[in-house]
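I have placed the structure first, in the form of C-alpha cells, so that the comments after it can refer back to it.
The values are calculated or read from the model by the stated rules, or taken from the named source; none is laboratory data. Keep in mind the model is a prediction, meaning the values are calculated, not measured. Here the Cβ positions follow ideal geometry from the backbone for every residue, glycine too, while neighbour counts run over all protein chains shown.
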Amino acid sequence: MVESTRDPSGAVVQVQVTCADHAEADLIADALVSASLAACVHISPITAVYRWMDRVERETEIELRITTTRAARDEVVARIGELHSYDLPAIWWSDLDGGAEAVEWVVRSVRSNGTARSR
C-alpha cells in the first residue's frame with residue numbers, strides 16, 4: 001500500500017478549467033503536456049449551469065483537470081489564456097494531497113525554470 005502524505009512544500013496543484021468543446025480541450029491538454037507544463041490532464045464532459053449577462057445558461061462543456069506544480073502554475077494559467085476561446089475562462093487551482101511516489105512523478109514530469117526535468 002502506498003503511503004498517502006501531505007506534500008509539505010505544496011509542490012503539486014490541480015488546475016481546473018472548462019472548454020467549449022473537445023477540440024479546444026485537446027488543444028490545451030496537448031500543449032501543456034507537450035511543453036512539460038503538466039504531468040497529466042484529465043478531460044471530462046460536464047453540464048454547466050451559470051449566470052452570464054443577466055441570464056441563466058446551461059451548456060455542455062469539457063472540463064480539464066490539470067496536474068502540475070506550484071512553480072509551473074502561473075505559466076499554465078497564462079498558456080490556457082492564450083489558447084482559450086472564452087472571454088472569461090474560469091480557472092481554479094488547489095493543492096493536492098497524494099502518495100509520495102505520485103508527488104515525485106509530477107515534480108519530475110513538469111519542467112522548472114525553463115528546463116524539462118528527467119523522467
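Within segment 32-64, how many residues are surrounded by 17 or more Cβ atoms within 10 Å (Cβ to Cβ) and among the charged types (D, E, K, R)?
Qualifying residue count, segment 32-64: 1.
Quick one: in segment 1-31, which of the residues that are touching a helix residue (DSSP H, G or I) at 6+ places or on another chain (Cβ under 7 Å) and modelled with pLDDT of 95 or more is surrounded by the fewest Cβ atoms within 10 Å (Cβ to Cβ)?
Looking only at segment 1-31, we keep the residues that are touching a helix residue (DSSP H, G or I) at 6+ places or on another chain (Cβ under 7 Å), and these are 2-3, 5, 7, 10-13, 15, 17, 19, 27-28, 31.
Remaining after also requiring modelled with pLDDT of 95 or more: 12-13, 15, 17, 19, 27-28, 31.
Working: VAL12: 22, VAL13: 20, VAL15: 22, VAL17: 23, CYS19: 23, LEU27: 15, ILE28: 25, ALA31: 17.
Once the filter is applied, the top-ranked residue is LEU27.
Tell me whether segment 83-93 contains one or more residues that are in contact with a Pro (Cβ under 9 Å, 6 or more places away or on another chain), under 19 Å from VAL13 (Cβ atoms) and surrounded by 15 or more Cβ atoms within 10 Å (Cβ to Cβ).
The answer is no, given that none of the residues of segment 83-93 is in contact with a Pro (Cβ under 9 Å, 6 or more places away or on another chain), under 19 Å from VAL13 (Cβ atoms) and surrounded by 15 or more Cβ atoms within 10 Å (Cβ to Cβ).
Which one of these is among the hydrophobic types (A, V, I, L, M, F, W, C) and more than 16 Å from the chain's Cα centre (by Cα): ALA71, ALA90, ALA78, ALA100?
Working: ALA71 fails: more than 16 Å from the chain's Cα centre (by Cα); ALA90 fails: more than 16 Å from the chain's Cα centre (by Cα); ALA78 fails: more than 16 Å from the chain's Cα centre (by Cα).
Of ALA71, ALA90, ALA78, ALA100, the one residue that is among the hydrophobic types (A, V, I, L, M, F, W, C) and more than 16 Å from the chain's Cα centre (by Cα) is ALA100.
Working only within segment 53-80, note down all residues that are more than 29 Å from GLU104 (Cβ to Cβ) and part of a helix (DSSP H, G or I).
Selection gives nothing.
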